[in-house]
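Written below as structure tokens is the structure these notes are about.
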Amino acid sequence: MAIVNVTPDSFSDGGQFDAVEAAVSHALACVADGARIIDIGGESTRPGAEPVSAAEEQARVLPVIEALRGQTDALISVDTYRVETARRAVAAGAHIINDVFGLQREPDIAALAAETGAGLCIMHTGRDRQKLADVIEDQLLFLSRSLEIADAAGVRRGQIVLDPGFGFAKGADENLELMARFSELGCLELPFLVGTSRKRFVGELTGRDAADRDVGTAATTVILRMQGATIFRVHNVAINRDTLAVADAMLAMQAKSGMKPS
């Protein structure tokens with residue numbers, strides 16, 4: 001999943017793709033590098049970012065979705081927690097709704113997914129809530145509540161992907177523990193998307209600025225793939241595609257020899 005931020009203030013690539021032509025060109029370049037999904041966002045979710053109106057968010061993302069719809073077979077995802085933005089994005093051609101508040105800010109997104117059959121990414125967040133001390137217990141508490149909302153709205157489990165929300169109100173140690181224990185989330189029996197790309201904790205570990213964190217990101221990609229992650233939301237598609245080729249070869253070898261995955 002390639003990140004396409006149509007924003008002036010995202011932490012890594014703010015302002016680079018905030019024109020429709022630039023965003024579309026970047027998205028198609030990511031597809032050429034191997035992206036199967038394009039995730040388009042119109043509001044920065046970095047800590048401290050200024051919120052934008054729904055109208056502004058839609059003015060940013062809808063023209064990009066409409067332009068891409070006829071130019072690629074890649075799936076198009078809209079990164080939003082607003083049901084009206086999601087509704088208009090799906091009508092414009094988006095296949096997936098990526099909700100960073102996990103249905104718990106605007107639960108009607110679940111009803112929209114049920115109505116349209118759109119894919120639904122449900123992300124864990126620690127923002128605006130009191131977390132449990134144990135990182136996995138908090139994941140299970142939050143995501144179970146989100147799944148209850150989805151079930152009540154009639155969303156099929158086959159439409160859903162979960163996201164542990166790396167970096168969303170989580171410190172470096174918490175992110176590391178979440179990576180180390182990621183396989184424990186397999187009890188939810190759903191595929192997981194992960195988004196560690198260029199996050200602050202990668203910078204704290206490597207000492208690199210945001211634009212120079214792709215190698216560190218690739219290391220997290222290997223760790224999380226070996227523990228069962230399925231979709232990787234990244235800025236640099238090519239380097240993570242190569243990383244996944246190596247990790248998948250190792251997983252195939254382990255399966256062939258009957259070894260337990262590391």
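The values are calculated or read from the model by the stated rules, or taken from the named source; none is laboratory data. Bear in mind the structure is a predicted one, so any value in this text is a computation, not a measurement. Note: ideal-geometry Cβ built from the backbone for every residue, glycine included; neighbour counts use all protein chains shown.
Evaluate the following for residue 173: is it farther than 17 Å from residue 101 by Cα, among the acidic types (Asp, Glu) and surrounded by fewer than 16 Cβ atoms within 10 Å (Cβ to Cβ)?
Yes: the conditions hold for residue 173.
What's the number of the condition residue 149 fails, among (1) of a type in the set (A, V, I, L, M, F, W, C); (2) buried (at least 22 other Cβ atoms within 10 Å of the Cβ); (3) farther than 20 Å from residue 47 by Cα?
For residue 149, the failing item is (2).
Which residue pairs have Cβ atoms under 9 Å apart, sit 6 or more places apart or on different chains, and have a first residue in the stretch 95-124 that is crowded, with 21+ Cβ neighbours inside 10 Å and a second that is in a helix (DSSP H, G or I) and of a type in the set (Asp, Glu)?
From residues that are crowded, with 21+ Cβ neighbours inside 10 Å, the pairs are 110/151; 124/138.
Yes or no, residue by residue, for (1) surrounded by fewer than 19 Cβ atoms within 10 Å (Cβ to Cβ); (2) of a type in the set (Gly, Ala, Ser):
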| position | (1), (2) |
| --- | --- |
| 209 | yes, no |
| 213 | no, no |
| 219 | yes, yes |
| 226 | yes, no |
| 229 | no, yes |
| 239 | yes, no |
| 245 | yes, yes |
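Let me confirm something: among 180, 114, 133, 150, which residue is closer than 19 Å to residue 226 by Cβ and of a type in the set (Gly, Ala, Ser)?
Working: 114 fails: closer than 19 Å to residue 226 by Cβ; 133 fails: closer than 19 Å to residue 226 by Cβ; 150 fails: closer than 19 Å to residue 226 by Cβ.
Within the list 180, 114, 133, 150, the selection yields 180.
Considering only the stretch 187-206, state which residues are under 16 Å from residue 122 (Cβ atoms) and either out of contact with any helix residue (DSSP H, G or I) (no Cβ under 9 Å at 6 or more places or on another chain) or surrounded by fewer than 18 Cβ atoms within 10 Å (Cβ to Cβ) (or both).
Across the stretch 187-206, the qualifying residues are 187, 188, 189, 190, 191, 193, 195.
For the stretch 77-94, state whether one or more residues are at pLDDT below 95, outside any helix (DSSP H, G or I) and not polar (S, T, N, Q). Let's see the steps before the verdict.
Kept after step one, since they are at pLDDT below 95, are these residues of the stretch 77-94: none.
No: zero hits.
I need the full set of residues from the stretch 69-92 which are touching a strand residue (DSSP E or B) at 6+ places or on another chain (Cβ under 9 Å) and over 15 Å from residue 42 (Cβ atoms), in order please.
Passing the criteria: 69, 72, 74, 75.
Answer yes or no: is there a residue in the stretch 227-241 that is touching a His at 6+ places or on another chain (Cβ under 7 Å), touching a residue at least 40 places away in the same chain (Cβ under 8 Å) and of a type in the set (Ser, Thr, Tyr). Please lay out each step first, then the result.
Taking the stretch 227-241 and keeping what is touching a His at 6+ places or on another chain (Cβ under 7 Å), we get none.
No, the conditions are met nowhere in the stretch 227-241.
Looking at the stretch 131-164, which of the residues that are in a loop (DSSP other than H, G, I, E, B), farther than 27 Å from residue 203 by Cβ and not β-branched (Val, Ile, Thr) is farthest from the chain's Cα centre (by Cα)?
Checking each candidate, the answer is 154.
Could you list all residues from the stretch 1-54 that are in a loop (DSSP other than H, G, I, E, B), under 28 Å from residue 169 (Cα atoms), of a type in the set (Asp, Glu) and modelled with pLDDT of 85 or more?
Of everything in the stretch 1-54, just one residue is in a loop (DSSP other than H, G, I, E, B), under 28 Å from residue 169 (Cα atoms), of a type in the set (Asp, Glu) and modelled with pLDDT of 85 or more, namely 43.
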